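Undergrad: My structure is below; once you've seen it, I'll send some questions.
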Amino acid sequence: MLEQLKEDVYKANIELVKKNLVIYTWGNVSAIDKKTKLVVIKPSGVDYEQMTPDDMVVVDLSGNKVEGRYKPSSDTPTHLELYKKYENMGSIVHTHSVWSVSFAQAGLSIPAYGTTHADYFYGDIPCTRDLTEEEIKQDYEVNTGKVIIECIKDKNPMEIPAILVKNHGPFVWGTNPANAVYNAVVMETVAKMAYKTKMLNPSVNKAPQFLLDKHYYRKHGENAYYGQD
């Protein structure tokens with residue numbers, strides 16, 4: 001069942017290791033099959049070095065396991081909340097990558113200081129509010145998804161395909177597993193750049209909106225002209 005999607009999700013999970021975004025069993029990648037509305041996700045607590053494509057777990061949007069010998073990732077309910085809300089999300093990545101987590105633990109958004117950020121994220125990468133004690137005690141992973149949705153509000157999530165959950169870490173998404181991992185790698189890089197920029201110049205200002213517009217829209221939208229046709 002969904003063999004190609006399992007392969008794609010497996011490769012994306014392994015790519016997180018190659019790009020130094022995860023260690024041990026940290027993090028996960030999922031993807032949704034638009035036709036069946038089934039989700040493929042990394043198994044919970046299984047070491048990347050031991051995984052195979054057949055180890056990927058298939059669940060429905062209610063969280064019921066459809067196929068797989070392992071339990072799905074403990075973050076599965078968070079992924080499912082996002083898939084149910086946003087039809088354009090084809091894949092979701094969660095990591096505990098150092099620079100992005102540093103901003104999350106500080107409760108800070110990642111500011112759009114320059115063109116590298118602006119090429120991929122149309123504005124600051126936001127950080128959610130704290131989850132309440134009640135939200136953590138009851139349906140923690142579901143409520144993590146809900147607080148992400150609350151933070152995004154009425155914005156287009158594909159314009160800023162990433163978010164920080166306060167005290168936790170980044171959730172990143174894309175059209176497919178490879179694209180979602182790509183966005184996660186870029187997010188980690190701009191987080192590192194933002195930190196170093198702030199250290200060099202504590203009074204630094206964010207990039208002007210007209211520069212943000214120029215760099216974002218030359219890569220995105222109907223008038224994009226970056227790259228080859």
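Undergrad: Give the stretch 6-18 a look and list any residue that's closer than 13 Å to Asn176 by Cβ and buried (at least 23 other Cβ atoms within 10 Å of the Cβ), or say none.
TA: Val9, Ala12
Undergrad: So how many residues does the stretch 166-190 have that are assigned to a helix (DSSP H, G or I), of a type outside the set (A, V, I, L, M) and under 8 Å from the mean Cα position of the chain (by Cα)?
TA: Residues in the stretch 166-190 being assigned to a helix (DSSP H, G or I), of a type outside the set (A, V, I, L, M) and under 8 Å from the mean Cα position of the chain (by Cα): 1 in total.
Undergrad: Still on this structure, I have one more. So which residues in the stretch 61-87 are open to solvent by 40 Å² or more (accessible area, probe 1.4 Å) and touching a strand residue (DSSP E or B) at 6+ places or on another chain (Cβ under 6 Å), if there are any at all?
TA: Scanning the stretch 61-87 gives Lys65, Val66, Glu67, Tyr70.
Every residue, every condition in (1) within 25 Å of Ile41 (Cβ to Cβ); (2) touching a Pro at 6+ places or on another chain (Cβ under 9 Å); (3) of a type in the set (Gly, Ala, Ser); (4) open to solvent by 40 Å² or more (accessible area, probe 1.4 Å), yes or no:
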{"site": "His96", "(1), (2), (3), (4)": "yes, yes, no, yes"}
{"site": "Asp119", "(1), (2), (3), (4)": "no, no, no, no"}
{"site": "Ile125", "(1), (2), (3), (4)": "yes, yes, no, no"}
{"site": "Leu131", "(1), (2), (3), (4)": "yes, no, no, no"}
{"site": "Glu150", "(1), (2), (3), (4)": "yes, no, no, yes"}
{"site": "His168", "(1), (2), (3), (4)": "yes, no, no, no"}
{"site": "Ala178", "(1), (2), (3), (4)": "yes, no, yes, yes"}
{"site": "Ala184", "(1), (2), (3), (4)": "yes, yes, yes, no"}
{"site": "Pro202", "(1), (2), (3), (4)": "no, no, no, yes"}
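Undergrad: Do you know which of the residues in the stretch 23-39 that are among the hydrophobic types (A, V, I, L, M, F, W, C) and out of contact with any Ser or Thr (no Cβ under 6 Å at 6 or more places or on another chain) is farthest from Leu5 (Cα to Cα)?
TA: Among residues in the stretch 23-39 that are among the hydrophobic types (A, V, I, L, M, F, W, C) and out of contact with any Ser or Thr (no Cβ under 6 Å at 6 or more places or on another chain), the one farthest from Leu5 (Cα to Cα) is Ile23.
Undergrad: Also, I was wondering about something else. In this structure, does Asp75 turn out to be closer than 17 Å to Ala184 by Cβ and among the charged types (D, E, K, R)?
TA: So Asp75 fits the description; yes.
Undergrad: Looking at the structure I just gave you, is Ala162 among the aliphatic types (A, V, I, L, M), farther than 22 Å from Asp33 by Cα and touching a residue at least 40 places away in the same chain (Cβ under 8 Å)?
TA: Taking the combined requirement at face value, the residue does not satisfy it.
Undergrad: Now a separate question. Filter the stretch 19-52 down to residues that are surrounded by fewer than 17 Cβ atoms within 10 Å (Cβ to Cβ) and not in a loop (DSSP other than H, G, I, E, B), then give me how many there are.
TA: Of the residues in the stretch 19-52, 3 are surrounded by fewer than 17 Cβ atoms within 10 Å (Cβ to Cβ) and not in a loop (DSSP other than H, G, I, E, B).
Undergrad: Can I ask one more? What's the number of the condition Gly227 fails, among (1) on the phi > 0 side of the Ramachandran plot; (2) touching a residue at least 24 places away in the same chain (Cβ under 8 Å)?
TA: (2)
The values are calculated or read from the model by the stated rules, or taken from the named source; none is laboratory data. This is a predicted model, so every value here is computed, not measured. Every residue, glycine as well, gets a Cβ built from its backbone with ideal geometry; the counts of neighbours run over all protein chains shown. We work out accessible area using only protein heavy atoms, side chains counted, and drop any ligands, DNA or RNA first. Shrake-Rupley method; radii C 1.70, N 1.55, O 1.52, S 1.80 Å.
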